[in-house]
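We did not get these values from a lab; they are worked out from the coordinates using the rules stated. If you're wondering where the values come from, they're calculated on a predicted model, not measured in any experiment. Note that each Cβ is placed from the backbone with ideal geometry, even for glycine, and that neighbours are counted across all protein chains shown.
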Amino acid sequence: MMVRWEMTSLRMVLAITVIVQIVSGAGFVLALGLFFGQVPPRAALFVSTGVLVVTLITIGLVLGPQLVALQKAEKTYDFLWSLPVPRTTAALAWVTTNLVLGVPGMAVALGVALVRYDLDLHLSAAIVPAVLLTLFTGTMVGYALAHALGNPMLIVAITQMLIFVIIGFSPINFPAEQLPGWLAALHRWLPLAPMADTVRAGLTQGVVADVARSYLVLGAWAVASVGVSAAVLGRRE
Amino acid sequence: MTAPSLPAPPLRRGIAYWLTGYRGMLRFDLASAREWLVPFVIVQILMGAGMALIYGFYLGDMPIQVATFVATGAPTLAVIPLGMALAPSLIAGRKVEGTYDFMWSLPVPRLTAALSSYTLFTVLAAPGFAAALGIAAWRYDLDLHVSAWVVPAVLLSSLMAASVGFAVGHAVAQPALVNVITNLVIFVVLMFSPIAFPIENFPGWLAAAHRVLPFWHMANVVRASLTTGLVEAVWQSYVVLGAWTAGAWFLAAWAVGRRR
């Protein structure tokens, strides 16, 4: 029910979102060739696998909170919670919607990367839990953020900063060694780098070390954000 | 004691009236700028200095020539979003809020409203330009040769960007479409424009397109004023930018004059 609701309310932005996802995912992979001239194989591998993560989490972490902000601004927010369904189903419906929206972009980005660069990929079964956990955590962190913050403008501002952080200041599309030391150290405890590591570990061999730790950090973020969401949503009225 | 007389109704033409209108519009624009000045500055710093740092993270260890290229592209990246994205979305915002028609009902010549916007956006671009350049140069430890040409380069670049943004904002009736266009511009500028990296890296058709589009030329005039020997035939870039500015003014004049 709530999945249908989310899909219906998204139909205006749905097509655009999927197109933006595909274009930005593929665009990133191609733009890299312009940065470098000659792309080193390691850089190509990092961007191609990193872009998957970016397409997976931008909907949950950026678009999702912005939609909630819009609902708050339009005053339809309270109406949603008055619907006669358990609030957990609303959250899970949103996760499902993200999965449906995120996976096509991810597949196209990977396809373009494979065509454009000669990649050394080793697909393993670990990709499935990695993608699911990454998507779930990304969505739930965005969900917690959107519902915990009252001011719609603040939500929009934060999510716009997040795009920059995701694309530019986190070791998703490039190795952590290329960041300044303090920032790399910080990312060991934030969810973004573990997301990239778990997904990358499912696609490559010998590039990622200590995946178990990444799963733990990511799991902790998932639990924490579910906790925050539950506390905030339970509180209302 | 003479009775106080009513002031004579002001003449609605002439240079003095025009200048008063211009001053009034500038005050009006400055006052409304309070709302967006902070996000404005943040956007400049993010897009300029932030992108210079981000390109560095992607590239890893850079030789000094590459770093110089990236750093001298930073100020251009800071200027583009102001005029080309923020200006049209401010106008689109007014259309959504319904204050757009009010603006045109103000008793000033429409030309002064346009000139006031150009002035404001051109002047406001300068601090972000300097900050982006300063941060990028500091991060990559560069030794730049800043020449007096930096003044016309910045002024023309930001005037061009503001003019194009103003024209797009007024000529495109639908606010939603304006948003799509500005997002597209940002996307193209950040990912597919030879601003922070050489145009030689681009495939032929894209390089050819960028010889007509203004982005590469903005980067050229700015880079030429900051370095020696990196840019050739910079006058061509000045000509192209001048043509874009003039074209944008024609479009804006048509769009503004057309209304009712």
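The calculated FRET efficiency for the pair residue A:184 and residue B:102, based on their C-beta separation and a Förster distance of 41 Å, comes to about 0.20. Dividing the Cα radius of gyration of region A:27-137 by 2.2 N^0.38 Å, with N the residue count, gives 1.35. Measuring nothing but how far apart in sequence close Cα pairs (under 8 Å, 6+ apart) lie, relative to its length, region A:2-235 scores a relative contact order of 29 percent.
Put in line by how crowded their Cβ is, counting other Cβ atoms within 10 Å and starting with the fewest, A:116, B:211 read B:211, A:116. In this Cβ point-charge picture (+1 for Lys and Arg, -1 for Asp and Glu), the protein assembly as shown has a dipole of about 1480 debye about its Cα centre.
Here each label is just a point 7 Å from Cα along the line to Cβ, and for residue A:165 and residue B:188 those points are 3.2 nm apart. As a proxy for reagent exposure, A:97, B:227, A:17 were ordered by neighbouring Cβ count within 10 angstrom, fewest first; the result is A:17, B:227, A:97. Note on chain A: with a GNM built from Cα contacts shorter than 10 Å, the maximum mean-square fluctuation among A:77, A:215, A:117 falls on A:77. What is the list of residues in region A:173-208 whose amide nitrogen lies under 13 Å from a point 7 angstrom out from the Cα of residue A:127, following Cα to Cβ? Of the residues in region A:173-208, A:199-205 have backbone N under 13 Å from the label point off residue A:127. With the biggest extent put first, the Cα atoms of the protein assembly as shown measure 91, 64, 39 Å across the principal axes.
Here's the picture: charge each Lys and Arg Cβ at +1 and each Asp and Glu Cβ at -1 in chain A, and of A:40, A:201, A:233 the one pushed furthest to the positive end of that dipole is A:233. Helix-only arithmetic for chain B: the sum of -39500 (n - 2.57) across DSSP H runs with n ≥ 4, divided by the residue total, places the mean residue ellipticity at 222 nm at -25000 deg cm²/dmol. Take every pair of alpha-carbon atoms less than 8 Å apart whose residues are at least six positions apart; their mean separation over the length of region A:62-172 yields a relative contact order of 58 percent.
Toward the positive end of the charge dipole of chain B, with +1 on the Cβ of Lys and Arg and -1 on the Cβ of Asp and Glu, the farthest Cα among B:116, B:104, B:80 is that of B:104. Placing +1 on the Cβ of every Lys and Arg and -1 on the Cβ of every Asp and Glu, with no other charges, gives chain B a dipole of roughly 1140 debye about its Cα centre. Counting only Cβ charges, +1 for Lys and Arg and -1 for Asp and Glu, the dipole size of region A:2-235 around its Cα centre is about 380 debye. Averaging the Cα positions of each part gives two centres, and for region A:131-189 and region A:44-86 these lie 13 Å apart.
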